[in-house]
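The values are calculated or read from the model by the stated rules, or taken from the named source; none is laboratory data. This one's a predicted model, so the numbers in the text were calculated from it and none came from an experiment. For neighbour counting, all protein chains shown are included, and Cβ atoms are generated from backbone atoms with ideal geometry for every residue, glycine included.
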Amino acid sequence: MSPYAHITGWGMCVPQRVVTNEDLSKQVDTSDEWIRERTGIRERHIAGAEESTATLATEAALNALRVANLSPDEVDLIVVSTSSPEHIFPATACLVQDRIGATKAGAFDLLAACSGFIYALNMASQAIRSGSVKNVLVIGSDTLSRLTDWEDRNTCVLFGDGAGAFVLQAGEELGGVVSAVMRSDGSGGDSLSVPAGGSRLPASAETVLNRQHYIHMNGREVYRFATRVMVQATKEAVGKADLTLDDIQLVIPHQANQRILEAALRGLDIPPERCISNVERYGNTSTASIPIAACEAIQQGRLQSGDWIVFVGFGAGLTWGAAVVKWTGPFLPHREIYPASYRAWIKLRSSLLRWLRRVEGWIWGRKFPEI
Ligand code: COA
């Protein structure tokens with residue numbers, strides 16, 4: 001029988017700096033009242049100069065490994081879901097691999113915007129269920145503040161930065177990710193996009209002048225799409241797991257907007273007590289919002305062993321999806337495997353590898369080594 005993919009570790013990381021609605025109202029023509037009424041957002045965390053998608057992802061990953069009681073060299077695969085990677089390449093997942101010292105892991109990025117964490121969770125779970133890997137780190141990390149036009153009041157009030165991570169491990173008993181649906185509709189791609197900076201419109205003075213490297217959004221279109229697909233995807237994933245909505249103890253949705261969330265709950269006939277909402281304090285952290293909300297739900301004791309939960313999200317693409325998870329646990333006691341000395345060793349290891357590569361270059365010059 002194929003193994004199940006259990007969630008055995010979880011962690012999150014948000015930037016230090018908090019930007020309130022009041023702060024934004026000094027920058028653009030908006031108000032705390034407007035933002036709270038239309039979105040439910042009060043404040044968000046915004047990355048500082050030393051923080052980035054990879055630094056947040058690394059911290060979230062280390063926290064998740066600590067909870068799972070798993071050493072980085074036991075990780076087989078790292079999947080980073082992000083729409084704001086550090087570079088086009090190398091993948092942000094490779095930077096995380098190096099920074100946590102996951103010496104035996106494959107690593108790649110996945111881009112499905114705010115639905116990315118559901119996609120990554122499902123892909124990682126399928127890799128475990130096929131028997132090809134045992135331990136996977138799934139990370140959702142975004143710093144959309146770096147793609148935000150801080151002069152555009154339509155978008156700059158919505159987003160925040162952050163990262164969340166899960167450790168998935170193979171296990172024989174029924175549990176973990178039990179069903180999932182992933183959907184897309186590329187005909188709606190222009191509802192939410194960053195037009196330039198890719199191969200279609202490479203960076204030029206003109207694209208910068210036209211502010212095409214920033215997020216462009218048709219808010220009303222996205223709103224209508226979101227309320228529709230949240231209900232559809234939840235019902236589909238729950239049906240696929242041979243359950244009904246009454247069996248679900250908790251819904252952990254993508255945190256984009258309190259109104260979207262409430263509309264979805266009405267469509268599903270699920271009371272607010274059975275749903276996690278923290279959009280007020282983080283804004284829309286894109287692919288990180290579901291794992292961050294999950295971490296907070298666990299901290300608040302809202303997840304018990306044996307509970308059935310639904311993760312559901314939507315985003316640019318357009319993409320959407322949902323996953324049904326049977327929460328298992330209790331898990332092994334946490335362990336401190338990352339004291340300062342460990343971090344120092346990982347840094348040293350990375351520097352040594354870089355140095356070795358240089359020495360190899362000096363030795364071989366323009367010739368290729370014979371193998
Ligand atoms: N402060 C004050 N006024 C603002 C504003 C802001 N931050 N942003 C927009 N407005 C104005 C608009 O310019 C418009 O003015 P007008 O009527 O004079 O043209 C007015 O408010 C109403 O705009 P509208 O777009 O109808 O507001 P809305 O009720 O649809 O709310 C959103 C706007 C963006 C909050 C809402 O459409 C939404 O949440 N959409 C989904 C976005 C999303 O979740 N994106 C991420 C998906 S992962």
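Please count how many residues of region 298-320 are under 21 Å from Ala226 (Cβ atoms) and either away from the ligand (no atom under 15 Å from the Cβ) or touching a Lys or Arg at 6+ places or on another chain (Cβ under 6 Å) (or both).
3
Among the residues of region 309-330, how many are surrounded by fewer than 17 Cβ atoms within 10 Å (Cβ to Cβ) and modelled with pLDDT of 95 or more?
Quick first cut of region 309-330, residues surrounded by fewer than 17 Cβ atoms within 10 Å (Cβ to Cβ) only: 329-330.
Restricting the remaining residues to those that are modelled with pLDDT of 95 or more gives none.
Qualifying residue count, region 309-330: 0.
Please find, among Gln258, Gln212, the residue that is assigned by TED's automatic domain parsing to the domain that holds Ser184 and more than 16 Å from the ligand (Cβ to nearest atom).
Values: Gln258 fails: more than 16 Å from the ligand (Cβ to nearest atom).
Only one candidate qualifies: Gln212.
Name the residues in region 4-29 that are within 11 Å of the ligand (Cβ to nearest atom), part of a helix (DSSP H, G or I) and exposed (fewer than 14 other Cβ atoms within 10 Å of the Cβ), would you? Give the steps one after another, and end with the answer.
Quick first cut of region 4-29, residues within 11 Å of the ligand (Cβ to nearest atom) only: 21, 24-25, 27-29.
If we keep only those that are part of a helix (DSSP H, G or I) as well, we get 21, 24-25.
None - no residue of region 4-29 is within 11 Å of the ligand (Cβ to nearest atom), part of a helix (DSSP H, G or I) and exposed (fewer than 14 other Cβ atoms within 10 Å of the Cβ), so the list stays empty.
So for region 152-163 (the condition being crowded, with 19+ Cβ neighbours inside 10 Å, within 16 Å of the ligand (Cβ to nearest atom) and in a strand (DSSP E or B)), does at least one residue qualify?
The answer is yes, given that some residue of region 152-163 is crowded, with 19+ Cβ neighbours inside 10 Å, within 16 Å of the ligand (Cβ to nearest atom) and in a strand (DSSP E or B).
Of all residues in region 183-194, which are charged (D, E, K, R) and not in a strand (DSSP E or B)?
Asp185, Asp190
Could you pull out the residue among Leu77, Leu56, Leu70 that is assigned by TED's automatic domain parsing to the domain that holds Leu192, in contact (Cβ under 8 Å) with a residue 12 or more places away in the chain, buried (at least 20 other Cβ atoms within 10 Å of the Cβ) and farther than 23 Å from Ala112 by Cα?
Values: Leu77 fails: farther than 23 Å from Ala112 by Cα; Leu56 fails: farther than 23 Å from Ala112 by Cα.
After applying the criteria, what remains is Leu70.
Looking only at region 261-282, filter to residues that are under 15 Å from Ala226 (Cα atoms) and either in contact with a strand residue (DSSP E or B) (Cβ under 7 Å, 6 or more places away or on another chain) or not assigned by TED's automatic domain parsing to the domain that holds Thr20 (or both); which one of those is farthest from the ligand (Cβ to nearest atom)?
Leu265
Test Asp149 against the criterion of being in contact with a strand residue (DSSP E or B) (Cβ under 9 Å, 6 or more places away or on another chain), in a strand (DSSP E or B) and either more than 16 Å from the ligand (Cβ to nearest atom) or not assigned by TED's automatic domain parsing to the domain that holds Leu348 (or both), and give yes or no.
Details: in contact with a strand residue (DSSP E or B) (Cβ under 9 Å, 6 or more places away or on another chain): yes; in a strand (DSSP E or B): no; either more than 16 Å from the ligand (Cβ to nearest atom) or not assigned by TED's automatic domain parsing to the domain that holds Leu348 (or both): yes.
No.
All but one of (1) within 14 Å of the ligand (Cβ to nearest atom); (2) in a strand (DSSP E or B) hold for Ala180; state the number of the condition that does not hold.
All conditions are met except number (1).
Quick one: how many residues across region 35-50 are more than 10 Å from the ligand (Cβ to nearest atom) and assigned to a helix (DSSP H, G or I)?
We begin by selecting, within region 35-50, every residue more than 10 Å from the ligand (Cβ to nearest atom); these are 36, 42-50.
Restricting the remaining residues to those that are assigned to a helix (DSSP H, G or I) gives 36.
Summing the residues that are more than 10 Å from the ligand (Cβ to nearest atom) and assigned to a helix (DSSP H, G or I) in region 35-50 gives 1.
What pairs come out if I take residues in region 8-24 that are closer than 26 Å to Val75 by Cα and pair them with residues that are surrounded by fewer than 20 Cβ atoms within 10 Å (Cβ to Cβ) and β-branched (Val, Ile, Thr) whose C-beta lies under 9 Å away, six or more apart or interchain?
Thr8/Thr328; Trp10/Ile298
Answer with yes or no whether Asp32 is within 11 Å of the ligand (Cβ to nearest atom) and either surrounded by fewer than 21 Cβ atoms within 10 Å (Cβ to Cβ) or of a type in the set (S, T, N, Q) (or both).
Working: within 11 Å of the ligand (Cβ to nearest atom): yes; either surrounded by fewer than 21 Cβ atoms within 10 Å (Cβ to Cβ) or of a type in the set (S, T, N, Q) (or both): yes.
So Asp32 fits the description; yes.
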